[in-house]
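Step one of this worksheet: look at the structure below.
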Amino acid sequence: MSNIMEIIKKYPREKRYTLAMLQDVQKHFNYIPRQALEMISEYVNTPLSNLYSMATFYKALSLKPKGKYVIKVCDGTACHIRSSMVLIDEIYNILKIRPGETTEDGMFSLETVNCLGSCAIAPVMVVNDKYYGKVSPAMVREIIKEYGGEKNE
Ligand code: FES
């Protein structure tokens, strides 16, 4: 995968750039392929196990491919009080995915996050970079439709 090498080579061969490399790989592929871990491991001369630890520790990094659309439902305190869990249930009803999962067609992934800094409009849901506030279960359905989900209903 020459793309991976191009990404990695933008950085000096030093361990302190490891996270930046992983973030760039994540951004490019939407996940971190195993091959990238192996190449970074060799490039900065650090054990593969350290890279696995980093990739599993940071929520923004994923070892599994994520969907084209990543849905984040805030479950911080303000959103939780305003029934964010009901939104998660509704997403399950529509897409059959739980937090941490991706639909079989690779279109949607679901994650929960802590406070997105928009508590005034809780409960908050984000699709890729687009924010939706005061979301109701009915709105969840509409939002998912916007992205091409639930076409056949
Ligand atoms: S708790 Fe959800 S935006 Fe703050």
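Annotation: lysines with alpha-carbon distance below 25 angstrom to Lys66 (same-chain offsets under eight excluded): Lys9, Lys10, Lys27, Lys96, Lys130, Lys145, Lys151. For segment 111-150 and segment 1-47, what is the separation of their C-alpha centers, rounded to whole Å? After rounding, the separation between the Cα centres reads 32 Å. Ligands, DNA and RNA left out, the 1.4 Å accessible surface of segment 1-138 is 52% carbon and sulfur atoms.
The mean sequence distance of close C-alpha pairs (under 8 Å, at least 6 residues apart), as a share of the length of the chain, puts its relative contact order at 19 percent. Free of any chymotrypsin sites (Phe, Trp or Tyr not before Pro) that DSSP assigns to a loop and that have at most 16 other C-beta atoms within 10 Å, the longest stretch within the chain is 59-146. Against the longest principal axis of the chain, how steep is helix 48-57, in degrees 0 to 90 to the nearest 10, with axes from Cα atoms? For 48-57 against the chain, the angle is about 20 degrees. Which percent of the Cα-Cα distances in segment 5-153 go past 17 Å? In whole percent, the long-distance tail amounts to 63.
Take every DSSP beta bridge with both residues inside the chain and express the antiparallel ones as a percent of the total, to the nearest 5.
Numbers: 7 of 13 bridges.
DSSP beta bridges in the chain are roughly 55 percent antiparallel.
Accessible surface computed residue by residue for the chain, with neighbouring protein chains in place and a 1.4 Å probe, gives 57 Å² per residue.
Compute the long axis of helix 18-29 from its Cα atoms, compare it with the longest principal axis of the Cα atoms of the chain, and write down the angle in degrees, 0 to 90, nearest 10. With both axes taken from Cα atoms, the answer is about 60 degrees. Taking amide H as placed 1.01 Å from N in the peptide plane, the amide H of Val70 sits under 5 Å from that of Ser109, Asn128, each at least 5 places away or on another chain.
The values are calculated or read from the model by the stated rules, or taken from the named source; none is laboratory data. If you're wondering where the values come from, they're calculated on a predicted model, not measured in any experiment. Cβ atoms come from the backbone with ideal geometry, glycine included; neighbour counts cover every protein chain shown. Please note that ligands, DNA and RNA were not included when accessible areas were found on the heavy atoms of the full protein model with its side chains. Shrake-Rupley method; radii C 1.70, N 1.55, O 1.52, S 1.80 Å.
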